[in-house]
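Taking it in order: structure first as structure tokens, then the write-up.
The values are calculated or read from the model by the stated rules, or taken from the named source; none is laboratory data. Just so you know, these numbers come straight off a predicted model, no measurement behind them. Every residue, glycine as well, gets a Cβ built from its backbone with ideal geometry; the counts of neighbours run over all protein chains shown.
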Amino acid sequence: MEITGFRSIKPNRVSKQIAEQIRNLILEGNLKPGDKLPSERELSKIIGVGRLSLREGLRILESAGILETKYGVNSGTYVSQINAENLIEKFSDILKLSNITIDQLTEARLEISLINLKYFIKRGSEEDIRKLEDCIKETESLFKSGILTREKNIFFHQLIAQGSNNPIFILLHNSLLDILRQFLSKFSSPSEHSKKVLENNKKILKYLKEKNFDKVSLAMRSHLIYTGKRLKSLINKTLE
């Protein structure tokens, strides 16, 4: 396959320029997911760089998940098929290394959640509502049986994000939930808290079904402020 768009590289910061050039070719559509790059020997001649610099540039993109090396019959370097799960994992890793505070997490969750509610009301289907109802029923059943409901309660909010039908909102929201899980993993959830969260989620579902954005926004705000304050209190106690 003949690929156009490559150009000669200046000697300074060669590997980073190689990585940037290939990344731009992907963004511009000259290289697409699944495309195989020319061999190292051919590509180094096309760009006008040494093979060591080329390998380092390719390694930068491999570490970012943009390229992947395959071995065997179809060996070579390929443009990766990046899916939403890959993006969520990478974005979550970045966030986890950013010294995020509970206040910042709560603020971000609130803004993204309100956007998700808006588009859920606009685009959500009856099937999306049914999934939320099933989630609430399953959570209630677990709660009555004395089984932890934390993950089900989190899943409820993931379903709202899915109902927005916008992969970017879903990416941002689920990445924030991964950060929340990291904080929550250090603490247990007493039954009174689990009950409070379940009741909050029921209110959110009620107003979503009514397509009442003002009321569902207030319910979501109340829920997130409550959970944020509780988590902040737990963390502060461990620091005393």
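Key figures for this structure:
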quantity: Contacts under 8 angstrom Cβ, first residue in region 27-53 being more than 21 Å from V73 (Cβ to Cβ), partner among the basic types (K, R) and assigned to a helix (DSSP H, G or I), 6 or more apart; calculated: S44/R51; R51/R41
quantity: Any hit, region 188-202, residues being under 23 Å from Q104 (Cβ atoms), of a type in the set (G, A, S), at pLDDT below 95 and out of contact with any Cys (no Cβ under 9 Å at 6 or more places or on another chain); calculated: yes
quantity: Candidates L110, L37, L31 - the one that is modelled with pLDDT of 90 or more and either over 22 Å from the mean Cα position of the chain (by Cα) or not assigned by TED's automatic domain parsing to the domain that holds K229 (or both); calculated: L37
quantity: Total residues in region 36-47, condition part of a loop (DSSP other than H, G, I, E, B) and surrounded by 15 or more Cβ atoms within 10 Å (Cβ to Cβ); calculated: 2
quantity: Tabulated pairs, region 108-133, first more than 21 Å from T227 (Cα to Cα), second of a type in the set (G, A, S) and assigned to a helix (DSSP H, G or I), C-beta under 6 angstrom, 6+ apart or interchain; calculated: F120/G163; G124/G163; D128/G163
quantity: Unmet requirement for N99, which otherwise passes all of (1) at pLDDT 85 or above; (2) in the same structural domain as K206 (by TED's automatic domain parsing); (3) part of a loop (DSSP other than H, G, I, E, B); calculated: (1)
quantity: H173 vs. criteria crowded, with 19+ Cβ neighbours inside 10 Å and at pLDDT 95 or above; calculated: no
quantity: Complete set of residues in region 136-147 that are more than 20 Å from S217 (Cα to Cα) and either touching a residue at least 60 places away in the same chain (Cβ under 8 Å) or not in a helix (DSSP H, G or I) (or both); calculated: T139, S145, G146, I147
quantity: Qualifying residue in region 116-125 (condition: farther than 30 Å from K186 by Cα, modelled with pLDDT under 90 and surrounded by 13 or more Cβ atoms within 10 Å (Cβ to Cβ)); calculated: no
